[in-house]
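Engineer: This is the structure I want to talk about, given as structure tokens.
The values are calculated or read from the model by the stated rules, or taken from the named source; none is laboratory data. Treat the numbers as computed from the prediction; the structure is a model and nothing was measured. Note that we place each Cβ from the backbone using ideal geometry, even for glycine, and neighbour counts take in every protein chain shown. Accessible surface areas use protein heavy atoms only, side chains included; no ligands, DNA or RNA. Shrake-Rupley method; radii C 1.70, N 1.55, O 1.52, S 1.80 Å.
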Amino acid sequence: MDNRRERRLTFITIGLIFLLSGVEYAVILPTIWHFLQTLDAAPYFLGLVLSAFSLSGLLSGPLFGHWSDRTRSTKKIILFANIFEIVGNFMYLMGYSKWLLLSSRLVAGIGAGVSSSIFGFLTRSTAPEDRATVFAAFMACRQAGLVIGPAFNIFLRLCDFHLGPFVINKYTAPGLFMCLLWILLQFVVVFLTVDLPPVEKRKSNEEGKPLIVSQELMGSYGSVMASSPPRNTTLNQNPSPDSPVSPAESSGVFKNFSISREFLREEVIVLLAAQFVTFFNQTALETMVTPLTQKYFNFGELENSVMYFLGGVVVIAGFLFVRWLSRHVTERVILAIGLCMCNISCVWCLIFLAKPLGGFAWQLTEFIIGVFLQILGLPFVSVAQVSLFSKITAEKTQGFSQGIRRSVGGLATILGPLWAGGLTENMYVMMGMMTVLLVLLTVGNNYNDKNIRHPVRG
């Protein structure tokens, strides 16, 4: 098999992984609130269950990333991680109690931590100038899963049969469905995925240029110290997947590596803050959406599925637009646009969703506008901060660095549902905190960005 075909098939498989992660989210989220209600769970338990998935992913992400950095093998890590997805979804279909449901999402979340290895792999196998475009494409795959997922719910809600001792109904069917899909994906990974070699060195004159030039030594994210060798010169130090990694090479990846030196920098902290605030606000909003639509609009599983479908279409369009936009403007501009949209959304929700005004039609309009603005800003912030983060952290330890980034996002997706789940009856406090966090992030980003120049474009 030639290199081009191997690369194409491997990227297709990675796209399928992101797609299934979106499908899983979309088939479970619209029904899990009603499922918990049948198990006599209190409203706060919804936040616990949603946070459990993120908690285990938060812990497993850096471990998977560290593993991939040391071995340069992503394929076997994906195969291992998918076992947790299979087991977790099988536990979900059992559905005996609310605690089993909580445990099932905890186990499945371990498998979701493999995304840190995947992003590290993508960083090593793509050129810096192409990274935002590539990341946007794979993130769009997850959103495509969010669009397809509700369509599956249309027939999953009709399930009513027994599978041995297990009852398969509209609540447990998503677990069975996802368990089968993750099993099929294992075969796809085995036969189609290879560990691609890192991208080749650029010309020496290009290597000498920083990705983003700053007036200060480390005055802003994306800056690279002029007196130190650029990070992408380490690319060819990585071993080819055709030759095993020796113990010396493996240990050398983290030789002289310092967590404080790598992550306690202003530009890194700003991007990690962007990751936290974005995911905190997104998951808080998602947690309160189903109780809110049930309270004001009497939405059931079908209506919620349609709502998530339409939201997914908007997000995919956003990612495709960002993919095109990344070829014409810098990631900093994309990040600024996304933060602007998110600020407008939070202010709108604070004014109109905290205490909806008017009749049914007006309340529904207020709700649609608020949610639309929130999900439209998500692709801009997500792609920009992931791409910039990959450029300002060492490429030889990208798996671990992406694991740290994912853990920060994981912490946000734990706290977001917990915050929203306990404040569904006090929307002003819930939305007020979301707005304050976003305003602080925007101010910090503008302060950090003031001395930066345009990045060098290849």
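Engineer: Which ones in the stretch 149-175 are β-branched (Val, Ile, Thr) and either open to solvent by less than 70 Å² (accessible area, probe 1.4 Å) or over 27 Å from GLY318 (Cα atoms) (or both)?
Structural biologist: In the first step, residues of the stretch 149-175 are kept if they are β-branched (Val, Ile, Thr); the result is 154, 167-168, 172.
If the condition is that a residue be β-branched (Val, Ile, Thr) and either open to solvent by less than 70 Å² (accessible area, probe 1.4 Å) or over 27 Å from GLY318 (Cα atoms) (or both), then VAL167, ILE168, THR172 are the ones that fit.
Engineer: I'd like to verify a number: residues in the stretch 358-389 that are of a type in the set (Ser, Thr, Tyr) and in contact with a Phe, Trp or Tyr (Cβ under 7 Å, 6 or more places away or on another chain), how many?
Structural biologist: Matching residues across the stretch 358-389 total 1.
Engineer: Among the residues of the stretch 71-83, is there at least one that is in the same structural domain as PRO150 (by the TED database) and more than 22 Å from TRP182 (Cα to Cα)?
Structural biologist: yes
Engineer: For residues that are in a helix (DSSP H, G or I), modelled with pLDDT of 80 or more and open to solvent by 20 Å² or more (accessible area, probe 1.4 Å), scanning just the stretch 31-49, find the one that is farthest from LYS295 (Cα to Cα).
Structural biologist: Within the stretch 31-49, the match that is farthest from LYS295 (Cα to Cα) is LEU48.
Engineer: Would you check which residues across the stretch 387-399 are in a helix (DSSP H, G or I) and at pLDDT below 80 and list them?
Structural biologist: Just the residues of the stretch 387-399 that are in a helix (DSSP H, G or I), to begin with: 387-392, 395-399.
Scanning the stretch 387-399 gives GLU395, LYS396, THR397, GLN398, GLY399.
Engineer: Looking at LEU272, LEU302, which one is open to solvent by 10 Å² or more (accessible area, probe 1.4 Å), in contact with a Phe, Trp or Tyr (Cβ under 8 Å, 6 or more places away or on another chain), part of a helix (DSSP H, G or I) and assigned by the TED database to the domain that holds LEU339?
Structural biologist: Exactly one residue qualifies, and that residue is LEU272.
Engineer: I've got another one for you. Considering only residues that are touching a Cys at 6+ places or on another chain (Cβ under 7 Å) and within 16 Å of THR31 (Cα to Cα), which ones fall in the stretch 84-113? Walk me through how you get there before you give the answer.
Structural biologist: Of the residues in the stretch 84-113, the ones touching a Cys at 6+ places or on another chain (Cβ under 7 Å) are 86, 89-90, 93.
Listed by number, the residues that qualify are ASN89, LEU93.
Engineer: How many residues, within the stretch 315-332, are open to solvent by 30 Å² or more (accessible area, probe 1.4 Å) and not in a helix (DSSP H, G or I)?
Structural biologist: If we filter the stretch 315-332 for residues that are open to solvent by 30 Å² or more (accessible area, probe 1.4 Å), which is where we start, we get 316-317, 320-321, 323-324, 327-329.
Subset that is not in a helix (DSSP H, G or I): 327-329.
Residues that pass the stated criteria total 3.
Engineer: Failed condition for PHE161, given (1) modelled with pLDDT of 75 or more; (2) aromatic (Phe, Trp, Tyr); (3) more than 27 Å from THR38 (Cβ to Cβ), with all others met?
Structural biologist: (3) is the only condition that PHE161 fails.
Engineer: Specify which of the listed residues (PHE138, PHE80, PHE119, PHE90) is assigned to a helix (DSSP H, G or I) and closer than 19 Å to LYS396 by Cα.
Structural biologist: PHE119
Engineer: Can you tell me which residue among GLY15, GLY65 is in contact with a helix residue (DSSP H, G or I) (Cβ under 6 Å, 6 or more places away or on another chain) and within 28 Å of LEU156 (Cβ to Cβ)?
Structural biologist: Details: GLY65 fails: within 28 Å of LEU156 (Cβ to Cβ).
None of the others qualify; the one that does is GLY15.
Engineer: Looking for whichever is surrounded by 20 or more Cβ atoms within 10 Å (Cβ to Cβ) and either charged (D, E, K, R) or at pLDDT below 85 (or both) here; the options are MET91, MET139. Which one fits?
Structural biologist: Of the residues listed, the single one that is surrounded by 20 or more Cβ atoms within 10 Å (Cβ to Cβ) and either charged (D, E, K, R) or at pLDDT below 85 (or both) is MET139.
Engineer: When you scan the stretch 86-118, how many residues do you find that are within 16 Å of the chain's Cα centre (by Cα) and not hydroxyl-bearing (Ser, Thr, Tyr)?
Structural biologist: Result for the stretch 86-118: 8.
Engineer: OK, next. Quick one: is ALA132 under 19 Å from the mean Cα position of the chain (by Cα), in contact (Cβ under 8 Å) with a residue 40 or more places away in the chain and open to solvent by 20 Å² or more (accessible area, probe 1.4 Å)?
Structural biologist: When the stated conditions are applied, ALA132 does not pass them.
Engineer: Let me ask something else about it. Of these, LEU63, LEU58, which one is in a helix (DSSP H, G or I), of a type in the set (A, V, I, L, M, F, W, C), assigned by the TED database to the domain that holds ILE183 and open to solvent by less than 40 Å² (accessible area, probe 1.4 Å)?
Structural biologist: None of the other options fit; the residue is LEU58.
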